[in-house]
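Taken together, the values in this text are just the output of simple stated rules run on the coordinates, not laboratory data. This structure is a prediction, so every number in the text was calculated from the model and none was measured. All Cβ positions, even for glycine, are placed from backbone atoms using ideal geometry, and neighbour counts span all protein chains on display.
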Amino acid sequence: MEMIHKIGRRKTAVARVYVTEGNGNITINKRDLSNYFPTATLQYKVKQPFALTNNEENFDVKVNVYGGGITGQAEAVRLALSRALCELDAENRLVLKPEGLLTRDPRMVERKKFGQKKARKKFQFSKR
């Protein structure tokens, strides 16, 4: 098996994932998974595609991720890993699709408008 390269995005976070055969090592920006994502929730999000397809110990993953916050980065990595697993085996798509792991979340931050304080918030109105 050669190296598989996939990209995942969430908000402003972009994750580039390189999957090779190995024994389950996940490296993110040259740091270990537990070191980069300290909370158990974020680690679970990253490992979720492997857990659903029963591939926890079969592949080594190298990730370059930038932009956004840590939650957006974790979900970007999850999308990229799901896409990579679908390329490896078409059967994985049947497992990952119903869980919503192959759907790119389109929600982005709404831009600030001129003459307003934020995107929707206005300056305080004074009648007199």
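Annotation for the range 1-38: trypsin sites (Lys or Arg not before Pro) lying in DSSP loop with at most 15 further Cβ atoms inside 10 Å of their Cβ are LYS30.
When the charge dipole of the chain is built from unit charges on Cβ atoms (+1 for Lys and Arg, -1 for Asp and Glu) and taken about the Cα centre, the candidate among TYR36, LEU102, THR12 whose Cα reaches farthest toward its positive end is THR12. Coordinate range of the alpha-carbon atoms in the range 14-74 per principal axis, descending: 29, 20, 18 Å. Under the simplified labelling scheme, the ASP32-ARG111 pair shows an inter-label distance of 4.4 nm, with each label point 7 Å from Cα along Cα→Cβ. Other residues lying with their Cβ under 14 Å from the Cβ of TYR18 contribute a combined charge of +1, Lys and Arg counting +1, Asp and Glu -1. If you take all other residues with their beta carbon under 14 Å from the beta carbon of ILE28, and give Lys and Arg +1 and Asp and Glu -1, the sum is +4. Across the range 3-128, the relative contact order, built from alpha-carbon pairs under 8 Å that are at least six residues apart, equals 31 percent. When +1 charges are put on Lys and Arg Cβ atoms and -1 charges on Asp and Glu Cβ atoms, the dipole computed for the chain relative to its Cα centre reaches about 1980 debye.
What are the lysines whose alpha-carbon lies under 29 Å from the alpha-carbon of LYS6, with same-chain residues fewer than 8 places away excluded? Correct list for LYS6: LYS30, LYS45, LYS47, LYS62, LYS97. The phi torsions of the range 98-105, fed into the Karplus equation with coefficients 6.51, -1.76 and 1.60 and a -60° offset, translate into couplings of x, 7, x, 7, 9, 9, 6, 6 Hz, rounded to whole numbers, with Gly and Pro shown as x. Working note: 222 nm ellipticity from helices only, DSSP H runs with n ≥ 4, each -39,500 (n - 2.57), summed and divided by the residues of the chain, gives -10000 deg cm²/dmol to the nearest 500. For mean projected area of the Cα convex hull in nm², the value calculated from this model appears in [x] 7.5; [y] 8.5; [z] 10.2 under label [z]. Each residue of the range 33-46 was assigned a 3J(HN,Hα) from its phi angle through the Karplus curve 6.51 cos²θ - 1.76 cosθ + 1.60 (θ = phi - 60°); the sequence is 4, 5, 7, 7, 10, x, 8, 5, 4, 5, 5, 5, 4, 5 Hz, with glycine and proline shown as x. Exposure proxy ranking for THR12, THR53, based on other Cβ atoms within 10 angstrom of each Cβ and starting from the fewest, stands as THR12, THR53.
Sorting LEU88, LEU96, LEU101 on the 10 Å Cβ count, fewest up front, what's the list? Walk me through the intermediate numbers first.
Working: LEU88 16, LEU96 21, LEU101 24.
Exposure proxy ranking, most exposed first: LEU88, LEU96, LEU101.
Largest GNM mean-square fluctuation among VAL61, VAL77, VAL109, using the chain with Cα springs under 10 Å: VAL109.
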